[in-house]
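What follows is a set of notes on a single structure, which appears directly below.
The values are calculated or read from the model by the stated rules, or taken from the named source; none is laboratory data. On a predicted model such as this, the values are computed, not experimentally measured, just so you know. So basically every Cβ, Gly included, is an ideal-geometry build from the backbone, and we count neighbours across all protein chains shown. With ligands, DNA and RNA removed, areas are computed over all heavy atoms of the protein, side chains included. Shrake-Rupley method; radii C 1.70, N 1.55, O 1.52, S 1.80 Å.
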Amino acid sequence: VVLLPLAIMGLMAARLRSTQAHLQTCAFEHNRLVKDFSDTVTNYHLIADYGKAIERLDTHQDRVATYSTADRLTATVLMNNQYLISWLTKIVVAGYTLAGGLRVIDGSLSPGIFLTCLRVLLSMGGMWEKAYSMCLQIYTTAPALSRLVRLINLPKNHHDRMNWNLKRREETSRSMHALVGQAHIPASACALDLIPLRILELQFSLITYGASRSLGSNLEVVRDSPMYFRGLEIHQGNLVGIIGRHGLGKTTLLKVLGGSILPPCTHTSGSLFIPSHLRVLHVDGDPLFFRGSLYDNLVFGCRTGHEDASLDRVIKVCERLGVPSNITRMIDPEHDFELAWSKNLSHSEKHLLHLARALIANPDVLCLHRPMTKVTSQVCTQIIELMRDFVSCRGVELPLNMLTNRRLRTCIMTFERKLVLDSCDVVYQVKAGQIVRVNASKIHSQPTVNHLLRNQSEDLALSLSQQRMQEPPVPASEPEDTFPI
């Protein structure tokens, strides 16, 4: 009676490591197989265009064979574990039957005690078999539970977001009290509308996490990009353009202003201030649609039943953007058909609907990534006019008699076309660590915005070269004082 539990626990401990290893391998191969199939379905057109279908099929066959092997070995281990207690119980019962039977024959053990002990051994074996089956179920869920726990405990930003919101509220309250009662502010003006968005000096790091393909690998920092911005002040009610060379942080700046990237709220991160009463919408450059009706996709940013989500307004915004009529006819909340819009619309149609959804949401501050790309000059003009109306009319396709009751609207966007300059109230250029205001007349003298940026880089290099030529020659014994170009 005592040896049976000890033997069962010893075998369970001995097979625990092997069972966990097989379960982890099987879960890892299963996740990799599902991920590969998902990537293939998502990137089917890319695979077909480059003629990699056969190679992808061979990869899937290898993945399936690897997973099948891992699943078969895991099933074998679990099957052996399932029958282990039963086999051990039968071995112990057989041994006790032989030893006890001999004692019953020689008269040293009564038949009643022998049968009672035999019944206790069989009952104990059955209970341990049920307990061991429950342990196996726990072991089976352990790999998935471990992965879930690891994902749940990844670094989160809700504490930083809460601290930034508290900081924004305090700063907004101080700014409002400072503006109230000033002589140069008209009596009809609202103090909240006079508080600017600003970045005095912001320094943080963009950290990207990743894991290797090997089993049991942990998430590691694969990229740490330091970012630094200073010198930005945007007054509400303006159409603001942002230009800059590639790789200097235009996209990151818009994501910071839009709340998509949240720097750590510490005393070393600097000063970023967005008035707390403003509803900011960050619109990514890649159009995204969920499976559902087109109307549901377009009013995604509106509250249910709100007047901003009225069908008449939605269709008018789409028509002003130049959305084709065959697309606008499908905008109907009564239609219950669902399509994968990302696959059934052209690039230009998705781009226009992407912008329409942002304008229909009617935020206080709208951050757009290059809204004039992938469109013709005529459509570009329509987009600019609509953005201008969004700012001046405090919303698009809204009653004009209620204009004074609405908050000011601000639009911040990146662009590369000179056509946008005349409509922008302010243009900023992102340089290495600085955000400077640009004179629009200087940009007009250049054939393209990119030409201006290239000329500014050449002027900077020329000024550095002239500065170096004017400096006295550096002795050869002090090479560390030379100025690199």
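Scanning the stretch 27-36 turns up one or more residues that are assigned to a helix (DSSP H, G or I) and loosely packed, with under 12 Cβ neighbours inside 10 Å. Checking Y139 against (1) hydroxyl-bearing (S, T, Y); (2) open to solvent by 70 Å² or more (accessible area, probe 1.4 Å); (3) modelled with pLDDT under 75, which single condition isn't satisfied? Evaluating Y139 over (1) hydroxyl-bearing (S, T, Y); (2) open to solvent by 70 Å² or more (accessible area, probe 1.4 Å); (3) modelled with pLDDT under 75 leaves (2) as the failure. Across the stretch 359-373, the qualifying residues are those that are under 27 Å from L311 (Cβ atoms) and not hydrophobic (A, V, I, L, M, F, W, C), and the one among them that is modelled with the lowest pLDDT is P371. Checking V420, V426 one by one, the residue that is closer than 18 Å to H235 by Cα and either at pLDDT 70 or above or open to solvent by 70 Å² or more (accessible area, probe 1.4 Å) (or both) is V426 and no other.
Considering only residues that are at pLDDT 85 or above and among the β-branched types (V, I, T), look in the stretch 147-197 and name the one that is farthest from T404 (Cα to Cα). Among those that are at pLDDT 85 or above and among the β-branched types (V, I, T), it is T172.
Of the residues that sit in the stretch 312-350 and are at pLDDT 85 or above, in a loop (DSSP other than H, G, I, E, B) and not hydrophobic (A, V, I, L, M, F, W, C), which one is nearest to K374 (Cα to Cα)? Filtering first and then ranking leaves S346.
Pairing residues of the stretch 190-202 that are closer than 14 Å to R174 by Cβ with residues that are among the acidic types (D, E), at Cβ distances under 9 Å and at least 6 apart in sequence or on separate chains, gives I195/E171; P196/E233; R198/E233. Selection over the stretch 279-298 of residues that are in contact with a Lys or Arg (Cβ under 8 Å, 6 or more places away or on another chain) and in a loop (DSSP other than H, G, I, E, B) gives a count of 3. Checking each residue in the stretch 374-408 for being more than 26 Å from L311 (Cβ to Cβ) and either open to solvent by 60 Å² or more (accessible area, probe 1.4 Å) or in contact with a Phe, Trp or Tyr (Cβ under 8 Å, 6 or more places away or on another chain) (or both) picks out K374, T376, S377, Q378, T404.
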